[in-house]
Amino acid sequence: MNFSKEQLFERQTCLQDFGAEGQKKLEKAKVLIVGCGGLGNAVAVYLAAGGIGNLVLIDDDVVGLSNLHRQVFFAVNDIGKPKAEVLAAYIRSINPFVSVASKKLRLSRSNGLAELNGFDIVVDCTDSLPTKYLINDVCVLHEIPLVYGSLYKYDGYMASFNVRHESGFTANLRDAFPEPPKNPVPSCAEVGTLNPVVGLIALLQTNEVIKIIAGIGEPVVNQLLVYNSLNNQQLKIKLTFLMIYQVAIF
């Protein structure tokens, strides 16, 4: 089937204040998604479907049976295959105009600076606190906006960190939480999660990426959005910007 970019994205380009100009900005953008599990699964697919032109997916894991209830773009036949690779293949099937690369690796102090360099925006879809702080610190050093997402039981958390504005940059993860907690935070594998809250936070992250790149709306900056799926309520916690910032991981 032959079709054009204009046909594929016509429902988006007819939006007032977005239009063809906003679509062109998405097409030129280079976005890195770290983590292809519950959050990254939906973020990657929706960004590709929305017209992000260049995507890089990083994940060191393979698809497992317990992933399928919330990582909905994987299938039973994908079990045992690298997550980033499977997700990249699915993206190519829905948008032939996107350039998508996959990398099976784990971010570390030795490769973080190089792997996150050169992107317009980074999306944190990981479930590891040390990795989240690593991503945050590298984004601060490279002056890259970071769209953060995390989950805990029935709650989800989302924010846009390190976004450039007229007087510098907005708050980052260390402004919200200067140091990782001393006591380990249980993972989803330990305490569980409902698949709807995973999808909701992923779509909020996707929305932030599109807004920041297209220059529309108001991103969730200098705030942390907290969503509770049991009572369907959300709140925003104001973050105090730390004037003196020190990278601790490096």
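Kindly evaluate residue 26 against the criterion of being more than 17 Å from residue 124 (Cβ to Cβ), open to solvent by less than 50 Å² (accessible area, probe 1.4 Å), under 18 Å from the mean Cα position of the chain (by Cα) and in contact (Cβ under 8 Å) with a residue 60 or more places away in the chain. Considered against the rule, which asks whether it is more than 17 Å from residue 124 (Cβ to Cβ), open to solvent by less than 50 Å² (accessible area, probe 1.4 Å), under 18 Å from the mean Cα position of the chain (by Cα) and in contact (Cβ under 8 Å) with a residue 60 or more places away in the chain, residue 26 comes out as yes. Looking only at segment 99-117, residues that are open to solvent by less than 30 Å² (accessible area, probe 1.4 Å) and either of a type in the set (Gly, Ala, Ser) or in contact with an Asp or Glu (Cβ under 9 Å, 6 or more places away or on another chain) (or both) come to 2 in all. The number of residues in segment 200-221 being within 10 Å of the chain's Cα centre (by Cα) and either of a type in the set (D, E, K, R) or closer than 11 Å to residue 26 by Cβ (or both) comes to 2.
Whenever a residue of segment 186-197 is within 14 Å of residue 68 (Cβ to Cβ), its partners that are aliphatic (A, V, I, L, M), lying with C-beta atoms within less than 8 angstrom and at least six residues away or across chains, give the pairs 188/151; 193/151; 195/72.
Of all positions in segment 51-59, at least one carries a residue that is in a loop (DSSP other than H, G, I, E, B) and either touching a residue at least 60 places away in the same chain (Cβ under 8 Å) or basic (Lys, Arg) (or both). Just one residue in the set 86, 72, 100, 43 is assigned to a helix (DSSP H, G or I), farther than 21 Å from residue 132 by Cα and among the hydrophobic types (A, V, I, L, M, F, W, C); that residue is 86.
The set of residues in segment 140-168 that are of a type in the set (D, E, K, R), on the phi < 0 side of the Ramachandran plot and either in a loop (DSSP other than H, G, I, E, B) or surrounded by 16 or more Cβ atoms within 10 Å (Cβ to Cβ) (or both) comprises 155, 166. Number of residues in segment 178-236 that are within 23 Å of residue 21 (Cβ to Cβ), assigned to a helix (DSSP H, G or I) and among the β-branched types (Val, Ile, Thr) equals 5.
The values are calculated or read from the model by the stated rules, or taken from the named source; none is laboratory data. No experiment lies behind these values; they were computed from the predicted model shown. Every residue, glycine as well, gets a Cβ built from its backbone with ideal geometry; the counts of neighbours run over all protein chains shown. In case anyone asks, the SASA skips ligands and DNA or RNA and just uses the protein heavy atoms, side chains included. Shrake-Rupley method; radii C 1.70, N 1.55, O 1.52, S 1.80 Å.
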